[in-house]
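Let me begin by presenting the structure, written as structure tokens, before commenting on it.
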Amino acid sequence: MANNNSQKFSLKSFLAIWAILTAIGIWISIKGTPWLMMKSASHQMHTAILTVIVFSVAAAPVAAGIYAVQIYALAKWRYKGEGVPPDAEPLRNNVKAVSAWIGVSALLTTFLLIWGLAALASDENVSGPRPMTVNVTGQQWLWSFQYPIAQTLLHHNVESNVLEIPLNNQANFNITSVDVTHGFWVPSLGVKVDANPGAITTLSVIPNKLGVYDIRCVELCGLNHSAMITKAYVVTEKQFLTWLKAQPASQPVATATVKN
Amino acid sequence: MTATIDLQKTHAAESSGGGFLRRLNFGTGIIFGVIGALLGYFLPHHFFDNQGSAYADQCTVISAVGWVVGFWFGIGALAGPFKWFLGWDQTHADEMYLAGKNQGKKRYWKYCTDHKVVGVQYLVLAMVLLGAGGILAMLIRTDLISPGTHFVNQQVYNSFLSLHGMLMIISLIIAVAGPWGNFVMPIQCGARDMAFPRLNALSLWTVVAAAVPLLTTLFIGGIQDGWTTYAPISIQTGIGMNTFAIAIITFVISTTVAGVNTVCTIMTMRTTGMSLDRLPIFTWASLIGGALGLYAMPFFATAMTMTILDRSAGTSFFSADSGGTGWLWENMFWLMGHPEVYVILIPAVGALLEIATVFSRKPLFSYKTAIGGMAGIAGLSILVWAHHMFTTGWAPQLGGPFMLTTELISIPTGIIFLVAVGTIWRGNLWMKTPLIWLMGFIANFIIGGVTGIYLSDIPVDNTMHGTMFVVAHFHYVFVGSVLFGAIGAVYFWFPKISGRFLDEKLGRISFWLAFIGVQVTFLAMFVSGLRGMPRRYASYQPIFEHTNVISTIGAYIIMAGMLVSLANIILSWRSGEPSGPNPWQSKTLEWLVPTPVPLENFEVLPVIESDPYTYGEKEGAHA
């Protein structure tokens, strides 16, 4: 009864729509992503940008396929008559199509996972010259940074409300909070971890570009959450030492702890 | 309750049925609720030291509980248990009274057990809550039109933000499962009502009971901790947190009751021949969504109970000073929070797949794969919660496994796309508004889904977490996908509840405004996030101004679209074009009963011989 109502399908024009949309998707992925995202100043941020590009390229044909069906359907398969359309030719199932679809999505997922694990491993494997520890403390609503290295070099504590780290040296952050949960994020360095009261979380990063970067709080921490912003200065080693020496001693330190 | 009622004989009894329930309605619910709240506020004087630091917390908690219990009493929710306790049986006349027989419009203000009344009540309630959340969204976006704070200060901004989130979550949980899971699903099963009609009324009025303390939060100082209410800031924030917490616990009671009811109805109340492989796909979606809600939502009530105890009883579940940790809250919250996304999404998907078959005049493509897809999503969703915690510092060693489970979800989600697209494939597309909303859903859900894949990848999440990118991602899912599905469902089933069509032209205007608005608002919001704007910022740095202005303009376009649909619903309910019982020539059972649907739905229960998707295969319905 419905055999005369099967809608036409031209593979050629469908493939043409699909190819055009895929090409647009891939072009946006490759050209658009680096332009839209923050500029990278570390390996981690570089990985993040690269991953977004790769995932976008991988997703482009899939999304384009769905959009192509929609466009094709809206253009060709509309019922133009009055009232209820007659039934179309039934299509209950197509085992090949379903298996192929699930197979392809499983392959894509496997790829995403392998890529993700590899990228994660390379992000976590931070080893650079002259590792320096910085203790980061969040409190409502400011950041403070302590430099244990000052103990060794200058025999006094240095505490600052801006972050100063030397270029191409490994910086290890120990992060905590004195009140509520904050989120320590240096956007251009591509690293982020919460500052939790009663716990210390860690991050390691090697900044590879000189510059002044923002540090922003990314966990809602109350009234002035949006003002909990400070600066990270990535400077040369020489500039860093000059800066460190210029800082006032924040607390007198018992000599006993300084002498070994 | 049987179908063969001798109307003549029972008429006299009906006029006396109901007992003191006759005197109870929404108004008495509010009166007793307020009395309960006042008692709850002043009684603690006798029990607690009013010099104690937690005294204000204790009073507000008990007051909010007093409201809920008082409201239940005043609306008549406690009448049944009370009668059973005293050993009084409900008479048939009582049952008929409870089902709202011969009460006209009055029954919509009462504790009514008729699933169709409950469905309509849910529809209105969902729209009211959506409207309240929408107003807050507009206030937030208006405040973000340029850097710096404007007409609201940070404290008010944070309250708006938190309440916007929670109101929208609640209204979306009930937006499809509420109206259509109650009105349509029992008829689709071939049942005369839900398995537990009184629990059905209880679930509806418990959402009302929850909404009042939730909105009260705004007027007693608000909360500062977002809808996620992370600890320990949830312990530090003002007394608004107490009413917020009681509202959540109350709402969880509602979803649990509704979940039990949905699952039991589908498992036990199906008519002859309605085997599980003939069940309409929306009913399957209700079953899966309901079961998932039963697993997920109780975590929220438990976690909120802990918050209340920390605040008002001096315990230390979340306080680091005395052995607790905020990570406990984060785990409890996301154990609820991620499955909850799918409690919201799956019923909307079910409704949209019904729309796909009816408006393509084709059977659902690969019915069993569709069920497998929804079940797969539900199953995996309980194993992914810690992907919300990649950057919290809790268990970095579990990053890999949670990345795996999260990315696996893209496989069953892909199946949903395949089924939708396969159903449309070479169909005779009937370009009515429900189909248009479905097309919008597909387009938006692709974007919501793909951006979710970026966030599942830890190196990318280390950049994106906590930014506007995440906000844009889940708004593509909730607004662009779920809300489109919910509105599509309204355009689809509205003729069944009202006997009238929604206006096509207004529907198209509403769709295009909403569709364009979503792209403008949330594409710009993706860019804000990619450029480094954290979420929940009351004011932002000037570098984010352009994209925020665009997002604000887009939000106003969405609002215009929503108002057009709201106007459409109000106008069409009064004077829309009459539709008849089955305007879409659909084959599921809800369309084969008369409109308006009579009490107990079927004169004779139908016998089912096939699934309802026999388009192009045989004439007539599956009965």
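Once all protein chains are placed together, A:ASP87 keeps about 20 Å² accessible to a 1.4 angstrom probe. Kirkwood hydrodynamic radius computed over the protein assembly as shown comes to 29.0 Å, based on all pairs of distinct alpha carbons. Using θ = phi - 60° in the Karplus curve 6.51 cos²θ - 1.76 cosθ + 1.60, the 3J(HN,Hα) couplings for segment A:235-249 round to 10, 6, 4, 4, 4, 4, 5, 4, 4, 4, 5, 6, 6, x, 5 Hz; x is entered for Gly and Pro. Given +1 at the Cβ of Lys and Arg, -1 at the Cβ of Asp and Glu and no other charges, the dipole of chain B around its Cα centre is 1200 debye to the nearest 20. Taken about its Cα centre, the protein assembly as shown carries a charge dipole of about 1660 debye when Lys and Arg each add +1 at the Cβ and Asp and Glu each add -1 at the Cβ.
Projecting the Cα positions of A:SER56, B:PHE47, A:ASN161 onto the charge dipole of the protein assembly as shown (unit charges on Cβ atoms of Lys, Arg, Asp and Glu, taken about the Cα centre) puts A:SER56 furthest along the positive direction. Using every pair of distinct Cα positions in chain A, the Kirkwood expression returns a hydrodynamic radius of 22.9 angstrom. Averaging Cα coordinates gives a centre for segment B:268-334 and one for segment B:420-453; these two points are 30 Å apart.
Between segment B:114-145 and segment A:194-242, the alpha-carbon centres lie 40 Å apart.
The rule of thumb for compact globular proteins, 2.2 N^0.38 Å, goes into the C-alpha radius of gyration of segment B:164-234 1.45 times. In the protein assembly as shown, a dipole from Cβ-located charges (positive for Lys and Arg, negative for Asp and Glu) runs towards its positive end, and of B:GLY17, B:VAL471, B:ILE458 it is B:VAL471 whose Cα lies farthest in that direction. Taking the accessible area of chain B, probe 1.4 Å, and keeping the other protein chains in place, the carbon and sulfur fraction comes to 69%.
The Rg/Rh ratio for segment B:115-592 is 0.95, where Rg is the radius of gyration of the alpha carbons and Rh is the Kirkwood radius. Structural size metrics of segment B:23-81, computed from C-alpha coordinates, are Rg and Dmax of 13.0, 42 Å.
Give the lysines reachable from A:LYS31 as a straight Cα distance under 16 Å; neighbours fewer than 8 places away on the same chain don't count. Partners found: A:LYS39.
A DSSP coil position with no more than 14 other Cβ atoms inside 10 Å describes the following chymotrypsin sites (Phe, Trp or Tyr not before Pro) in segment B:56-149: B:TRP88.
Relative to the 2.2 N^0.38 Å rule of thumb, segment B:93-210 has a C-alpha radius of gyration ratio of 1.37.
Computed with a 1.4 Å probe over protein heavy atoms only, the accessible surface of the protein assembly as shown comes to 38 Å² per residue.
Separation of segment A:104-161 and segment B:471-526, taken as the distance between their Cα centroids, equals 43 angstrom. Taking a ≥ b ≥ c as the square roots of the eigenvalues of the alpha carbon gyration tensor, segment A:5-124 is prolate, as a/c is not under 1.5 and a/b beats b/c. Under 5 Å from the amide H of B:THR315 lie the amide H atoms of B:ASP310, each residue being 5 or more positions distant or on a separate chain, with H modelled from the backbone and absent for Pro and chain starts. For chain A, the relative contact order works out to 19 percent when only alpha carbon pairs closer than 8 Å and six or more residues apart are counted. Across segment B:603-618, computed HN-Hα scalar couplings (Karplus, 6.51 cos²θ - 1.76 cosθ + 1.60, θ = phi - 60°) run 5, 10, 5, x, 10, 9, 10, 7, 6, x, 10, 8, 4, x, 10, 8 Hz from first to last residue, x flagging Gly and Pro. Over segment B:362-518, Cα pairs under 8 Å with separation of 6+ residues give a relative contact order of 25 percent. The phi-based Karplus calculation (6.51 cos²θ - 1.76 cosθ + 1.60; θ = phi - 60°) puts the 3J(HN,Hα) values of segment B:136-148 at 5, 4, 5, 5, 4, 5, 5, 5, 8, 5, 8, x, x Hz, whole numbers, x for Gly and Pro. Look at the dipole of segment A:132-258 built from charges on Cβ: of A:THR137, A:TYR213, A:ALA199, the Cα furthest out on the positive end belongs to A:TYR213. The amide H of B:THR325, built 1.01 Å from its N in the peptide plane, has B:PHE318, B:SER319 as neighbours under 5 Å, considering only residues 5 or more places off or on other chains.
Using the rule -39500 (n - 2.57) for each DSSP H run of four or more residues, divided by the residues of the protein assembly as shown, the 222 nm mean residue ellipticity is -19000 deg cm²/dmol.
For A:SER177, the amide hydrogen comes within under 5 Å of the amide hydrogens of A:GLY138, A:ASN196, A:GLY198, A:ALA199, counting only partners 5 or more places away or on other chains and with H modelled in the peptide plane. Quick one: Debye curve from the C-alpha atoms of segment A:132-258, no solvent, what's log10 I(q)/I(0) at q = 0.12, 0.19, 0.22 Å⁻¹? After summing over all Cα pairs, the log10 values are -0.43, -1.06, -1.33.
Ignoring lysines fewer than eight residues from B:LYS496 along the same chain, the ones with Cα atoms less than 28 angstrom from its Cα are A:LYS80, B:LYS101, B:LYS105, B:LYS106, B:LYS110, B:LYS116, B:LYS362, B:LYS368, B:LYS432, B:LYS505, B:LYS587, B:LYS618. Structural descriptor for segment A:136-260: relative contact order 31 percent, calculated from alpha carbon pairs under 8 angstrom and at least 6 residues apart. Placing +1 on the Cβ of every Lys and Arg and -1 on the Cβ of every Asp and Glu, with nothing else charged, gives segment B:103-170 a dipole about its Cα centre of roughly 460 debye.
The values are calculated or read from the model by the stated rules, or taken from the named source; none is laboratory data. None of the values given here were measured: they were computed from a predicted structure. Ideal geometry is used to build each Cβ from the backbone, glycine not excepted, and the neighbour counts take in all protein chains shown. Each accessible area value is taken on the protein alone, full model and side chains, heavy atoms only, with ligands, DNA and RNA left out. Shrake-Rupley method; radii C 1.70, N 1.55, O 1.52, S 1.80 Å.
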